[in-house]
Structures are given as C-alpha cells and as structure tokens.
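Asker: Before I ask anything, let me first share the structure, which is written out below as structure tokens.
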Amino acid sequence: MSTDLKEALFGYTLRLGDTSLVLGHRLSEWCGHAPELEEDIALTNVALDLVGHARMLLTYAGELEGKGRDEDRLAYRRDVFDYRNHLLVEQPNRDFGHTIVRQFLHDAWAVELYGRLCASTDETLAGIAAKAVKEVRYHVRHSGDWLVRLGDGTEISHAKVADALGRLWPYTGEMVERDESEQALVAAGIVPDPAELKAAWTARVEAVLNDATLDRPADGWMQKGGRRGEHSEHLGYLLAEMQFLPRAYPDANW
Amino acid sequence: MYTQGLDAKTEQGAQPSPRLVTEQEAALQGRFQERVDAEEKIEPRDWMPDGYRRTLVRQISQHAHSEIVGMLPEGNWITRAPTLRRKVALLAKVQDEGGHGLYLYSAAETLGVSRDELIGQLLSGKAKYSSIFNYPTPTWADIGAIGWLVDGAAIMNQVPLCRCSYGPYARAMVRICREESFHQRQGYELMLALAQGTAEQKRMAQDALNRWWWPSLMMFGPSDEQSAHSSQNMAWKIKRFSNDELRQRFVDATVPQAEFLGLTIPDPELRLNAETGHYEFGAIDWTEFNEILKGNGPCNRERIEARRKAWDDGAWVREAAVAHAAKRRQRALKKAG
C-alpha cells in the first residue's frame, strides 16, 4: 500500500473508531438509568458492541499509522481536535427519545457501511466489518423498532422524537459526505462510494420514518467538521471524563 | 452480590402464621416438609406454606433489587474506566447484573407477584436491598474491591442457594453464581494490577480495602444469635449455612488473597488460630449497619432517587410502547376482520 493510501486509510479507520467509541460512551451513560430493565440491558449491550468495534478499529488505525500508538494511546491521549468522530454521536443523550433518534440515524449508516466494507479489498478492514455487521444489524433493528414505537405511540412520544429528529438531522450530512481524501480509497476498492452509501442510508431512514409516522426533515444547512476535528462543546467534557485516570496518572498501568 | 444481609429482626413475614391450622393443612405441611427433607425441589404449582412463599418473595425480590441498585455504584465508573479493555469488562459486568435482576424478578413472579409491584415496593422504600450498595465508589479501586470482596462475599452466600428447595430460585442461582465467580476473579485481577502498580495505585487499592472490608463482612447479616429467620429458613432449606459460618468461610478465603496482594486488612485483631485453622477477627460495628438499614448510609438517598428518576423519566416511554402495541393489535384485527 502506498504511503498516501495508508495515510488516508488511517484517517478513515480513525473516524470509524472514534465514532464507535464516542457513541458507545454516550450509550454507557444510560447504564442503570433506562426506562425499563430490558432497555438497561439492551443499551448496555449496544454500548459494549460499539466499544468493541472501537477497539478493533483503533488498534488497526495505530498499526496503519506505524508510530506505536495502541487502542488506549489513541483513545485516552488525544484532545478534541484530534478526534475524528461524527458530530452526531457526541450530541448529549437528553432523553430516551433523543438517544433513540441519534442511535437510529447512526445505525442506519453503520449497517449499510459495514455491509459494504465486508467486501473491502483491505483484508483487515473487511474482517472487522464482518464481525461488526452482525451486531449492527441487531442495533438498527433495536433503534428502528423503538423509533416506530415512539413515533407511533402517544402524542407526547411523537412530539419528543419529532423534536429530536429536527434537532439531530443537521448532523447527518457529514456521515455520507464526499471527501477528497477518500477518493483514492474508493478507487482502490477499500471503502464504498459515499454516494451509494448516502442513497442506501436515505432509503432505510425514510422507510422507518414512514412507519414511525414522522416527517423527514428538509435537507437544509448541515453541520460539519467532525472529520477535520472541529467539534461541538460537548466532546471536551466527554473526553475529560473518559480520559481522567490516564491523564491524572500518566505512568500507571491499569 | 448479596443475600443474607437483610436478615435483621425488623423484617417481617417469615414467621409461620400464628392462626390455628386445620387438619388438612397440617397434612399438607407435613407432606411439604417431607419433600423438602428429601431434597425434592418445590415448583411454582406445588402447595407450599404461606410463610415459605412470603419468605421467598421477600428474599428473591430483595436479591433482585440488590442487583438493580448494585448497577449504580459500579456504573459510576463505566465512563471513566482507564483502558478500553477495563471499560468493556465493566460494561459486561454491570449488564450481567441487570440480567440477574431479570431472572430473579422472573423467579419471584412464579410465586404470584408482578415485577411492577415489586419495583413499586423498592421505589416507595418498603422493600429493602443489600446495604452494601449504599456505600460510594469514589475511586477506580472501588471497582476492584467490589468485584473481589462484595462479589466474593456474595458467592459465599449464593452458592448454597443453588441447592435452595425452591426450584426456580435454585436454577436462577446456578447461572448467577457462574457469572459472579467470573466477576470476582476480574475484580481481584483489577486489584492485583493496582497493587503491583505505582505507589499511587497501591494507595488507591489499600484505601478501597479499608473502606470495603467491614461492610463486606456485614453482608452476611447479623450474628447467629441475632438473626431472626435462620432456624425456620434452614428447616425449609432456603438457607443451608448460618451467617457466622459463611462469614468465617469468607474471611478464611480472603485473608490470604489480601496477603498475596500485599495489602493490609484493616483489623488489628485479625490472626490465624493455628489450632482451628481459622482466622479470628475483631468485633463488627453493627451500629453502622443498623443506621444504613434505617436509611442513613452515605448513599441511601442517592440510590433510591436514581432508581425513581429512571422510572419516572421513563414513564412516557413505557406508555408509548403500550399505546403502540395497542394500535398494532387494532390494525391487525381490522386487517383480519
């Protein structure tokens, strides 16, 4: 693999790893506080899967980079501007409705992405995707089912998820945007074409929104920046909490 | 985690009913006791004395509540776990506890109570849960100490429950014990990493042991002279060993583990009796235990508030799920008709 291609793949893998890690962190904040016991278990389970994906992806990113950074070095010793996660996943939980909308918008992307990455010409990435896709298929069913229940539930639940959808929609653009740095990866058959991904994501989202009796928000201005390390204020607090111990005790092994 | 810590005298429900029993009832009770004595499992549809049923509902639901409340002190460190491997292990552990809560509520439901009813009792403060979860987890070492000591004590309590006379409870306990013993090893391994780490980490580990040691001993419940339910529960084979026997076993197993870690158990009177082969330990301060039972522990209020908040904040979600299910049924009926 050429140096340029390797660098592009490092950036791509880091983006996927960071996105899984940050979303896993957000979901883990629910542990013990969910609306019912089954959801405590389900949300924790999804968090567990996502942190598991993050570990595989960050480990691989570290290998591609070749500077000796392992999963923990990457997770715990980078500041906000070096994180590459999507802005969507760092948005706070707010309530169960927001959490479900955020999760579904992400899961619909993840299941389409990992499904395609299974055919990547990069064997390691294809292997990671093959493991992840089995789990994200369950995730998207879980979040999609809840979105339908809440959208088509009571007036209150409908209003809550409609509000969440409007609030979170502007963060969906960057998940499927065209990115110059990815072109070489697409050409090499390592990652899927973003246009194809966008079409598949849109179809999946629209079908569930329809069942949930929710209107698809208009595609207005989209918030972007996660790919370049330009984040909301929320990520700093999330990292401060997550990284506290390794930062406070830099010489310790845990 | 827990079970016998709630055997205090203030609890009600286990005493056999004082009213006169009819001849028929006496025959049923006799037959019931014969089956228990013969180590047969009692199943949900079998006849059982009211006191046996009440005792089981109380014990199993307290155990379930303890699992659920127990998710909070450990959940407190999920977002701050210092490595991704530790984070995954802790998430899985807390998830297991939620799962234990589910099996246990299901086991209790076989005795004719609903989960919502039991949760209502927890939230109103009527039902108890293990006092150990009213202690805080201020440092990462607390996660190790809980796994090592609290789960360790729970295993001592719970392994005998795998042979409990009530079938659904015994079967739930088999699975729970398997997972608890995994948690215990994980907790000990976490402590080992701290004990072998930097001076600051070792200090963290010792501090956690200092705070969790005595509360862990209290998890076995009052001493045998003080325990209200022991003899009847033994006869019913709900309980197999006395509180003091189990506590002694725990101390005997744990002291060498602490020595291996290079940590000091905070009990100046602790010593090995060469003749008996058992460790002798200092007197337990039951005042603290009783205060926590009364609701005066460091985290009693926070724990129940957190459970109530989760329940109240989730009300609209549960209502929506019910409303949606009703709409679906209606649509299906319309389609069929």
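The values are calculated or read from the model by the stated rules, or taken from the named source; none is laboratory data. It should be emphasised that the depicted structure is a prediction, and the values quoted were computed from it without experimental measurement. Please note: Cβ atoms are built from the backbone with ideal geometry, for glycine as well, and neighbour counts cover all protein chains shown.
Asker: Consider only pairs whose beta carbons are under 8 Å apart and that are at least six residues apart or on different chains; among these, list those whose first residue lies in segment A:13-39 and is farther than 16 Å from B:L90 by Cβ and whose second residue is among the aromatic types (F, W, Y) and in a loop (DSSP other than H, G, I, E, B).
Answerer: Pairs that qualify, where the first residue is farther than 16 Å from B:L90 by Cβ and the partner is among the aromatic types (F, W, Y) and in a loop (DSSP other than H, G, I, E, B), are A:D18/A:Y83; A:V22/A:Y83; A:E39/A:W30.
Asker: Name the residues in segment B:205-235 that are farther than 23 Å from B:T55 by Cα and hydroxyl-bearing (S, T, Y), would you?
Answerer: B:S216
Asker: Let me ask something else. For segment B:24-54, how many residues are closer than 17 Å to B:R163 by Cα and touching a Phe, Trp or Tyr at 6+ places or on another chain (Cβ under 7 Å)?
Answerer: Total satisfying the criteria: 4.
Asker: Then there is this: Please find, among A:L209, A:L245, the residue that is buried (at least 16 other Cβ atoms within 10 Å of the Cβ) and more than 10 Å from chain B (Cβ to nearest Cβ).
Answerer: Residue meeting the stated conditions: A:L209.
Asker: Sort out which residues of segment B:78-92 are more than 7 Å from chain A (Cβ to nearest Cβ), touching a Lys or Arg at 6+ places or on another chain (Cβ under 9 Å) and either under 21 Å from B:W212 (Cβ atoms) or of a type in the set (D, E) (or both), and write them in order of number.
Answerer: Within segment B:78-92, just B:A81 meets the criteria.
Asker: Hey, another quick one. Among the numbered criteria (1) in a helix (DSSP H, G or I); (2) out of contact with any Asp or Glu (no Cβ under 7 Å at 6 or more places or on another chain); (3) closer than 17 Å to A:L197 by Cβ, which one does A:S120 miss?
Answerer: Evaluating A:S120 over (1) in a helix (DSSP H, G or I); (2) out of contact with any Asp or Glu (no Cβ under 7 Å at 6 or more places or on another chain); (3) closer than 17 Å to A:L197 by Cβ leaves (1) as the failure.
Asker: Just to be sure I understand the filter: pairs with C-beta atoms under 7 Å, separated by 6 or more residues or on different chains, first member in segment B:60-73 and more than 9 Å from every other protein chain (Cβ to nearest Cβ), second member at pLDDT below 95 and assigned to a helix (DSSP H, G or I). Which pairs pass?
Answerer: Close Cβ pairs (under 7 Å, with a partner that is at pLDDT below 95 and assigned to a helix (DSSP H, G or I)) amount to B:Q62/B:L6.
Asker: What's the number of the only condition in (1) crowded, with 24+ Cβ neighbours inside 10 Å; (2) more than 14 Å from chain A (Cβ to nearest Cβ); (3) not polar (S, T, N, Q) that B:R240 fails to meet?
Answerer: With respect to (1) crowded, with 24+ Cβ neighbours inside 10 Å; (2) more than 14 Å from chain A (Cβ to nearest Cβ); (3) not polar (S, T, N, Q), B:R240 is out only on (1).
Asker: Return only the number of the condition from (1) within 20 Å of B:L72 (Cα to Cα); (2) in contact (Cβ under 8 Å) with a residue 60 or more places away in the chain; (3) touching a Leu at 6+ places or on another chain (Cβ under 7 Å) that B:A195 does not satisfy.
Answerer: Only one criterion in (1) within 20 Å of B:L72 (Cα to Cα); (2) in contact (Cβ under 8 Å) with a residue 60 or more places away in the chain; (3) touching a Leu at 6+ places or on another chain (Cβ under 7 Å) is unmet by B:A195, namely (1).
Asker: In segment B:100-117, which residue that is touching a residue at least 60 places away in the same chain (Cβ under 8 Å) and in contact with a helix residue (DSSP H, G or I) (Cβ under 7 Å, 6 or more places away or on another chain) is farthest from A:E36 (Cα to Cα)?
Answerer: Applying the filter and picking the extreme gives B:L111.
Asker: In segment A:227-240, which residues are free of Cβ contacts under 8 Å to residues at least 24 places away in the same chain and either touching an Asp or Glu at 6+ places or on another chain (Cβ under 7 Å) or within 13 Å of chain B (Cβ to nearest Cβ) (or both)?
Answerer: A:Y237, A:A240 - these are the residues of segment A:227-240 that are free of Cβ contacts under 8 Å to residues at least 24 places away in the same chain and either touching an Asp or Glu at 6+ places or on another chain (Cβ under 7 Å) or within 13 Å of chain B (Cβ to nearest Cβ) (or both).
Okay, residues lined up against (1) in a helix (DSSP H, G or I); (2) modelled with pLDDT under 95:
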{"residue": "B:W214", "(1), (2)": "yes, no"}
{"residue": "B:P222", "(1), (2)": "no, yes"}
{"residue": "B:A228", "(1), (2)": "no, yes"}
{"residue": "B:L246", "(1), (2)": "yes, no"}
{"residue": "B:A253", "(1), (2)": "yes, no"}
{"residue": "B:Q257", "(1), (2)": "yes, no"}
{"residue": "B:D267", "(1), (2)": "no, no"}
{"residue": "B:E288", "(1), (2)": "yes, yes"}
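Asker: It is to be established whether one or more residues within segment B:301-316 are under 27 Å from the mean Cα position of the chain (by Cα) and more than 14 Å from chain A (Cβ to nearest Cβ).
Answerer: Yes, segment B:301-316 contains at least one residue that is under 27 Å from the mean Cα position of the chain (by Cα) and more than 14 Å from chain A (Cβ to nearest Cβ).
Asker: Here's a follow-up. For a quick check of your reading of the model, give me the residue pairs whose first member lies in segment B:161-177 and is closer than 17 Å to B:V57 by Cα, whose second is small (G, A, S), with beta-carbon atoms closer than 6 Å and at least 6 apart or on different chains.
Answerer: Short answer, once both residue conditions are applied: B:C162/B:A170; B:C164/B:A170; B:P168/B:A107; B:Y169/B:A107; B:A172/B:A107.
Asker: Shifting gears a bit: Please tell me if B:G282 is away from chain A (no Cβ under 14 Å), in contact (Cβ under 8 Å) with a residue 40 or more places away in the chain and not hydroxyl-bearing (S, T, Y).
Answerer: In short, no.
Asker: Here is a list of conditions, (1) within 23 Å of A:E29 (Cα to Cα); (2) loosely packed, with under 15 Cβ neighbours inside 10 Å; (3) among the polar types (S, T, N, Q), and A:S232 meets all of them except one; can you say which number that is?
Answerer: (2)
Asker: Say whether the condition of being charged (D, E, K, R) and more than 14 Å from chain B (Cβ to nearest Cβ) is met by at least one residue in segment A:19-39.
Answerer: No, segment A:19-39 contains no residue that is charged (D, E, K, R) and more than 14 Å from chain B (Cβ to nearest Cβ).
Asker: Here is a further query. Check whether at least one residue in segment B:68-77 is on the phi < 0 side of the Ramachandran plot, modelled with pLDDT of 95 or more and outside any helix (DSSP H, G or I), and report yes or no.
Answerer: Checking segment B:68-77: at least one residue is on the phi < 0 side of the Ramachandran plot, modelled with pLDDT of 95 or more and outside any helix (DSSP H, G or I).
Here is a yes/no grid of residues against (1) touching a Gly at 6+ places or on another chain (Cβ under 8 Å); (2) crowded, with 23+ Cβ neighbours inside 10 Å:
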position: A:L37; (1), (2): yes, no
position: A:A42; (1), (2): no, no
position: A:A54; (1), (2): yes, yes
position: A:G66; (1), (2): no, no
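Asker: Could you tell me which residue of segment B:159-185 is modelled with the highest pLDDT, considering only residues that are assigned to a helix (DSSP H, G or I) and aromatic (F, W, Y)?
Answerer: B:Y169
Asker: How about segment B:298-326: which of its residues are exposed (fewer than 14 other Cβ atoms within 10 Å of the Cβ) and more than 20 Å from A:L37 (Cβ to Cβ)?
Answerer: B:P298, B:R301, B:A326, listed by residue number.
Asker: State the number of residues belonging to segment A:199-236 that are modelled with pLDDT under 95 and either in contact with a strand residue (DSSP E or B) (Cβ under 6 Å, 6 or more places away or on another chain) or of a type in the set (D, E) (or both).
Answerer: Adding up the residues that qualify gives 1.
Asker: Quick one: which helices (runs of 4 or more DSSP H) lie wholly within segment A:31-110 and hold at least 1 residues that are more than 12 Å from the chain's Cα centre (by Cα) and farther than 24 Å from B:E74 by Cα?
Answerer: Filter on segment A:31-110 gives A:37-65, A:71-76.
Asker: Here's a follow-up. Quickly run through segment B:213-267 and pick out the residues that are under 16 Å from the mean Cα position of the chain (by Cα) and at positive phi.
Answerer: Scanning segment B:213-267 gives a single hit, B:G221.
Asker: Any idea how many residues of segment A:1-24 are buried (at least 24 other Cβ atoms within 10 Å of the Cβ) and under 11 Å from the mean Cα position of the chain (by Cα)?
Answerer: The qualifying residues number 9.
Asker: Follow-up question, since we're still on this one. Collect the residues in segment A:40-49 that are in contact (Cβ under 8 Å) with a residue 40 or more places away in the chain and either farther than 20 Å from B:W311 by Cβ or more than 10 Å from chain B (Cβ to nearest Cβ) (or both), keeping them in residue-number order.
Answerer: Scanning segment A:40-49 gives A:V46, A:D49.
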